[in-house]
Amino acid sequence: MAGGWSRDGAVQDQIDASIEDAVKRARSSLAKGESLKRCEECAAKIPEARRIAVPGVRLCVQCQSAHDEGDAFTSTINRRGSKDSQLR
Ligand SMILES: [Zn+2]
């Protein structure tokens, strides 16, 4: 009798997770390309490890985090919430 409710919740979680996955994939494929040796914004040298770790990287860590904070205000709060629930 009570089973239906929790199952609905689980399915919804899975749907959210796969949408999130698709968005992540779309984002990472957009980002792919040539990794720059120097930051596009401040011309700081980008370490090779970072270029390997982040395919198509264009910004140094500092500029990247400044950018990330820029869109984090609206979207990251939600993303973090679902990420946490996936990890558990
Ligand atoms: Zn920079």
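The set of residues from the range 21-44 being in a loop (DSSP other than H, G, I, E, B), modelled with pLDDT of 85 or more and not small (Gly, Ala, Ser) comprises Glu34, Leu36, Lys37, Cys39, Glu40, Glu41, Cys42. When the range 44-56 is filtered for residues that are more than 7 Å from the ligand (Cβ to nearest atom), in contact with a Cys (Cβ under 9 Å, 6 or more places away or on another chain) and among the hydrophobic types (A, V, I, L, M, F, W, C), only Ile46 remains.
Among the residues of the range 52-68, those that are touching a helix residue (DSSP H, G or I) at 6+ places or on another chain (Cβ under 9 Å) and either among the acidic types (Asp, Glu) or exposed (fewer than 14 other Cβ atoms within 10 Å of the Cβ) (or both) comprise Pro55, Asp68. Tell me, which residue of the range 1-20 that is under 25 Å from His67 (Cα atoms) and either touching a Phe, Trp or Tyr at 6+ places or on another chain (Cβ under 6 Å) or of a type in the set (A, V, I, L, M, F, W, C) (or both) is modelled with the lowest pLDDT? The residue in question is Ile19.
The values are calculated or read from the model by the stated rules, or taken from the named source; none is laboratory data. Model, not experiment: these values are computed from the prediction. Neighbour counts are summed over all protein chains in view; Cβ atoms, including those assigned to glycine, are modelled from backbone coordinates with ideal geometry.
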